[in-house]
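What follows is one structure encoded as structure tokens, with my remarks underneath.
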Amino acid sequence: MIFTKNLENLVLKRHLLNNATELLILGGFIGPSPVSKIAQEKINTKIIYGCISQANFNETYHKKYKFYSKNSNTEVFYKKSYNHSKIYCWHDNGVVKEIIAGSANFSSNGLTNDFEEILFEVDSCDYNDVYKYLDDSLNDSESCLTYNYQKQHIPK
């Protein structure tokens, strides 16, 4: 099945259909609005910001990610090596319930513009390989809580 509209609701509420207790997200780019919204849901969530090394990243966003990571069941991680994937994996302690992937970043632009992005269900025969890929990505990431933010200097 493919999804092209209402993607934000799909991602934020999917655990209510598949009964997962955990959500692991690898997004190329992420945004503070969906992070704040998933932090209000009753699902433990880990979000990997895959393109942090090439993002227009600022201290305000970093502080927001730290706030949600400290004060909710959601934690944001920054990937050390560049990764532009967009994968959403619902699971219970590593036992995959469902995986959706596609072009939609975990950002307002990626999730709220109907018919501009696509997500699709990953075949269950690929769950183990995709979960391992996500776990490897998480292991190549640093929690925003320990990340040493440094203001980016853009050359003139």
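Grab the beta carbon distance between Asp114 and Asn93, set R0 = 41 Å, and tell me the FRET efficiency rounded to 0.05.
0.75
Non-local amide H neighbours of Phe106 (under 5 Å, H modeled in plane, Pro and chain starts lacking H): which ones?
Under 5 Å from the amide H of Phe106 lie the amide H atoms of Gly28, Phe29, each far enough along the sequence or on another chain.
Would you please state the base-10 log of I(q)/I(0) at q = 0.21 1/Å for region 60-150, with intensities from the Debye formula using one equal scatterer on every alpha carbon?
-1.24
With a 1.4 Å probe and every protein chain left in place, work out the accessible area per residue of region 1-109 in Å², rounded to a whole number.
Per-residue value: 45 Å².
How long are the semi-axes of the equivalent ellipsoid of region 4-87, taking √(5λ) for every eigenvalue λ of the Cα gyration tensor, in whole Å from largest down?
Semi-axes, largest first: 21, 15, 11 Å.
Would you mind calculating the relative contact order of the chain from Cα pairs under 8 angstrom and at least 6 residues apart, reporting the percent as a whole number?
30
If I model a spin label at Glu59 and Lys13 as a point 7 Å from the Cα along the Cα→Cβ vector, what separation in nanometres do I get?
3.9
Compute the whole-percent fraction of alpha carbon pairs in region 1-49 spaced more than 17 Å apart.
That fraction is 33 percent.
Which three extents, in whole angstrom, do the alpha-carbon atoms of the chain cover along their principal axes, largest first?
Answer, in whole Å and largest first: 47, 33, 28 Å.
Could you list the residues of region 62-98 with an amide nitrogen less than 13 Å from a label point located 7 Å from the Cα of Asp123 in the Cα-to-C-beta direction?
Answer for region 62-98: none.
For region 57-112, build the convex hull from the C-alpha positions and give me its volume per residue in Å³.
About 131 Å³ per residue, rounded to a whole number.
May I ask you to give the percent of accessible area on the chain that is carbon plus sulfur, with a probe radius of 1.4 Å?
Summing carbon and sulfur atoms, their accessible area is 47 percent of the total for the chain.
The values are calculated or read from the model by the stated rules, or taken from the named source; none is laboratory data. Since we're looking at a predicted model, the values are computed, not measured. Glycine gets a Cβ as well: all are built from the backbone with ideal geometry, and neighbour counts include every protein chain shown. Remember, those area values only see protein heavy atoms, side chains included, never the ligands or the DNA or RNA. Shrake-Rupley method; radii C 1.70, N 1.55, O 1.52, S 1.80 Å.
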